[in-house]
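Before any comments, here is the structure.
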Amino acid sequence: MSDIATKTPPEAPERAPSPKPRRDALWWVRKALWLAVLLLALALPLYLEAEWLKAGQYMMVGAVGAIGLTLLTGQAGQLSLAHAFFLLAGGTAYTVLAGPTGDPELVGFGLDPLLALLGAIAICALLGLAFAPVAGRLRGIYLGVASLALVFLGLYFGQAAENLTGGTSTGRPPAEFSLFGFPFSNEGDLEILGVPIRATERVWYLFLALTVIAFLLARGAVGGRVGRAWRAVRDNEPSAAVMGVSVWRAKAGAFAVSSAYAGLAGVMTVLWFDLLKPDESEFGTYGINVSIAYLAMIIIGGLGSVPGALVGALLVNGLPQVLALYSTELGWSTGTGEHAFTPILISSFVYGAAIILVVLFEPGGLAAIGRRIAGRLSGKQRERKGT
Amino acid sequence: METFVQLIVNGLGKGAVFALLALGFVIIFKATEVVNFAHGSLVLFGGYLVVTLRESIGWAGAAIVGVVGAGLLALAVERLLLSRSKLADPFSLALLTIGVDVIVTEEIVRRLGVSLPFIGDAWDAQPVQVGGITLFRTHLVALVVATVLITLFFLAFRYSNWGIAMRAQAENKEAAALVGIRSGRVTATAWLVAGLLAGVAVLFIATQDFSGAGLSRGTHSIALAAFPAAILGGLDSTAGAVVGGITVGLVDALATHYVSFAFAKSAVFLVMLVVLVVRPSGLFGTRETIRV
């Protein structure tokens, strides 16, 4: 359908002068706020205890995954419940690529961890692309349920491919990450302002860097040509095609990008747990509950909003961690035993309720609330759809 | 050969249960265009009522309360949440049901704790010998009950005022409203009926014969297989739901026996994927037409 549209026109029409980017006071406030957040995140390891850093790392894992999902579901309008599958795929790919060679039971390629990380992302993108023929034909709910199939396939794969995943009983430890020979472990003495920078702090900075890259790339995609194509396809496929957007390519591209993000989040998950362990049932680290949790993040944050996904991840992935830490700190032991209100349970209630409230009262999620506040502050209506 | 016959009967029994669940999906989808992700939690809720009440009022009474309870929960979800958000599109409402599902499921799983009760007291673990073949009573009863219920449903759908109203509304909502069909009542009954069917289904699912596992999070996962059943047949086709349910049941039974238990769950979804690639709207679903 889009063959005609992609041919170069005989004479390129003169480009309309692009409007000057808005640089009013609000723009500067916004930039300053983001900078402040970044500086805060850079400074936190100097003050926080290791277990709080661990909690923060988990939020960043969620953030990367959620950004990927919000591009797919929010921007391109494709409901996906397969995110957990791509987490598993990414985690497994990293562990296998970076795993030691010569183990008779487990497959490993002994690659450099950075290469393995990139390889895992590439493999997930290809897997996402492989699902594109299905995704391209289906719409909305049909796609959502079809993508659920991948989670079940992942469950089976995790159990069956023991030489890759290590099996459900023991799992398999991932190779420690290192960057050009710099280890992300307790090795070596490194201090900043008298604070020793050990494994937890180093992984914090690694995750922070990955999150920032993921965030900036996503913002770039949303603001650019790709994002416009995604939104056009989301809003109306035929009219997008008429305007010269290749619907198939936009959909497949969104799936590949989102899977790549999920793959990266999977690598981070495995590094965070320091273990790759496939689930025994549909409920686990890579189960349907995880797909739903990621969906919750982007609904709460506002579908399609990249900063929203970030905040949603802080909430959904952060809450159980923070609750667990507080409950031990205050001696408020809710944690274990039958019928207990565990931190995970409480946070499930919170995000379940948050989804309902968002759909009922503010379909745009936290992003819409944020936009409204910004609009109030600047004194004019700044409706920017989809950013 | 005997094993094969046994497998087919098992598959049909399971399929009948999946058909009940899938029919619920389809009824809700036809009435409201919402896909109900909270179906699994309706199943759990019905089962949980049976577990808590059977000590005091006996299994039969508890089973009736469970079925009605599941129906009422569905009704409550529709009345209290969905009908209040008429402005939201079906897509967001489907997401809303995910929120409901998370809350209800987590709470029931917490209450159940480590106990995983079987709730099919009247038919569970009482195999029957028919012509030298051992059959599970659960599957046979499920087949009979489902046949009766589905027949009743189709008769009501075809001839009763409710059925006509619902088909009219599914056809054209505005026109139906103009001729005086009360859309709120139609959707409310649709949810109620779907809930009742889910309440019946759980009495067969949480048994030793059907799943070998008591009422638990696993029951919720099994209920998820009703999704591919509904999608296979086409989300807006009631007959498709029955065909899809039976297909899922047969695939599940055959794959469990000939491949492995772990593979059976994926096999069901694989079959769905294959059907969707060939027919994107399911076997009997109407193709969406789009206006630019």
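Residues of chain B: accessible area per residue at 1.4 Å, in Å²?
On the way: 11990 Å² over 292 residues.
Accessible area per residue: 41 Å².
What does the buried accessible surface come to for B and A, summed over both chains, with the probe at 1.4 Å? Round to 100 Å². Before the final figure, lay out the partial values.
On the way: alone 14030 and 20550 Å², together 30430 Å².
Buried area between the two chains comes out at roughly 4200 Å².
Label B:Ala125 and B:Ala177 with points 7 Å out from Cα along Cα→Cβ: what is the distance between them in nm?
Simple spin-label model gives 5.4 nm for this pair.
Given the options A:Leu210, A:Leu303, A:Leu295, state which has the largest fluctuation in a GNM of chain A using a 10 Å cut-off (strictly under) for Cα springs.
Highest fluctuation among the options: A:Leu210.
Leaving ligands, DNA and RNA out of it, report the carbon-plus-sulfur percent of the accessible area of the protein assembly as shown at a 1.4 Å probe. Please list the in-between numbers first.
Working: 19770 of 30430 Å².
Roughly 65 percent of what the probe reaches on the protein assembly as shown is carbon or sulfur.
Using the alpha-carbon centroid of each, what span in Å lies between segment A:270-293 and segment A:32-57?
So the separation of the two Cα centres works out to 26 Å.
Among the residues of segment B:91-109, which ones have their accessible area go down by 40 Å² or more when all the protein chains sit together, as opposed to their chain alone (1.4 Å probe)?
B:Phe91, B:Leu95, B:Leu96, B:Ile98, B:Val102, B:Ile103, B:Glu106
Using a Gaussian network model of chain A whose springs link C-alpha atoms within less than 10 Å, name the residue from A:Pro104, A:Pro363, A:Pro174 with the highest mean-square fluctuation.
A:Pro104
What is the mean number of Cβ atoms from other protein chains located within 10 Å of the Cβ atom of each residue in peptide B:258-264, rounded to a whole number? Show your work: numbers first, answer last.
Numbers: counts 0, 1, 3, 0, 9, 5, 2.
For peptide B:258-264, the averaged partner shielding equals 3.
Just the Cα atoms of chain A, one point each, no solvent: what log10 I(q)/I(0) does Debye give at q = 0.08 Å⁻¹?
-0.44
Using 0.36 nm times the number of residues separating A:Ala353 and A:His339, minus their current alpha carbon distance, what extension gain do you get?
So the extension gain works out to 3.0 nm.
Return the Rg/Rh ratio of segment B:2-216 with Cα-based radii and a Kirkwood Rh.
Numbers: Rg = 18.3 Å, Rh = 18.1 Å.
Radius of gyration relative to Kirkwood radius: 1.01.
Of B:Ala264, B:Ala225, B:Ala198, which is the most mobile in a GNM of chain B whose springs link Cα atoms less than 10 angstrom apart?
Of B:Ala264, B:Ala225, B:Ala198, the most mobile in the Gaussian network model is B:Ala264.
If you take every residue apart from B:Trp191 with its C-beta less than 9 Å away from the C-beta of B:Trp191, what net charge results, scoring Lys and Arg +1 and Asp and Glu -1?
On the way: positive: B:Arg79; negative: B:Glu78.
Taking every other residue near B:Trp191 into account, the sum is 0.
Grab the beta carbon distance between B:Arg111 and A:Leu42, set R0 = 30 Å, and tell me the FRET efficiency rounded to 0.05. Mind dumping the intermediate values first?
Numbers: r = 45 Å, r/R0 = 1.49.
Once the sixth-power term is evaluated, E becomes 0.10.
Only residues of segment B:40-68 count here: report those whose backbone N is under 14 Å from the spot 7 Å along Cα→Cβ of B:Leu152, or say none.
B:64-65, B:67-68
In Å, what Rg and Dmax follow from the Cα atoms of segment A:115-242?
Radius of gyration, then largest Cα-Cα span, for segment A:115-242: 20.5, 62 Å.
Along Cα→Cβ, 7 Å out, is where each label goes; now give me the distance between the ones at A:Leu114 and A:Tyr205 in nm to one decimal.
1.4 nm
Identify the residues of segment B:201-224 with backbone N under 20 Å of a label point that sits 7 angstrom from the Cα of B:Thr52 along the Cα-to-Cβ direction, or state none.
B:201-204, B:206, B:214-220
For segment A:183-260, I need the span (max minus min coordinate) of the C-alpha atoms along each principal axis, in Å, sorted largest to smallest.
61, 20, 14
Work out the P(r) tail for the protein assembly as shown: percent of alpha carbon pairs separated by more than 45 Å, whole number.
Numbers: 50983 of 230181 pairs.
Distances greater than 45 Å cover 22 percent of the Cα pairs.
Please compute the modelled spin-label separation between A:Ser239 and B:Val144, points set 7 Å along Cα→Cβ, answer in nm with one decimal.
Result: 5.8 nm between the two label points.
Relative to the present Cα-Cα distance, how much length would full extension add between A:Tyr326 and A:Leu193 at 0.36 nm per residue of separation? Don't skip to the answer; put the middle values down first.
Working: separation 133, 0.36 × 133 = 47.88 nm, distance 2.77 nm.
Contour length minus the Cα-Cα distance gives 45.1 nm.
Given the protein assembly as shown, what count of lysine pairs have C-alpha atoms under 27 Å apart, with each pair 8 or more places apart or on different chains?
16
For the pair A:Arg225 and B:Gln208, what calculated FRET efficiency results from E = 1/(1 + (r/R0)^6), where r is the Cβ-Cβ distance and R0 = 41 Å, to the nearest 0.05? Don't skip to the answer; put the middle values down first.
Details: r = 58 Å, r/R0 = 1.42.
Here the calculated transfer efficiency is 0.10.
Which percent of Cα-Cα pairs in segment B:63-111 sits in each 10 Å bin, short to long?
Per 10 Å bin, starting at 0, the Cα pair percentages come out as 23, 48, 25, 4.
Report the longest stretch of chain B that contains none of the trypsin sites (Lys or Arg not before Pro) sitting in a DSSP loop with at most 12 other Cβ atoms within 10 Å. Mind dumping the intermediate values first?
Working: sites that count: B:Lys86, B:Arg182, B:Arg287, B:Arg291.
By the stated rule (loop sites, at most 12 other Cβ atoms within 10 Å), B:183-286.
Taking the alpha-carbon centroid of each part, what is the distance from segment A:141-163 to segment B:152-183 in angstrom?
Comparing the Cα centres of segment A:141-163 and segment B:152-183, I get a distance of 38 Å.
The values are calculated or read from the model by the stated rules, or taken from the named source; none is laboratory data. Here the structure is a predicted model, which means the values were calculated and not measured. No Cβ is skipped: glycine too gets one built from the backbone with ideal geometry, and neighbour counts run over all protein chains shown. These area figures cover heavy atoms from the full protein model, side chains too; ligands, DNA and RNA do not enter into them. Shrake-Rupley method; radii C 1.70, N 1.55, O 1.52, S 1.80 Å.
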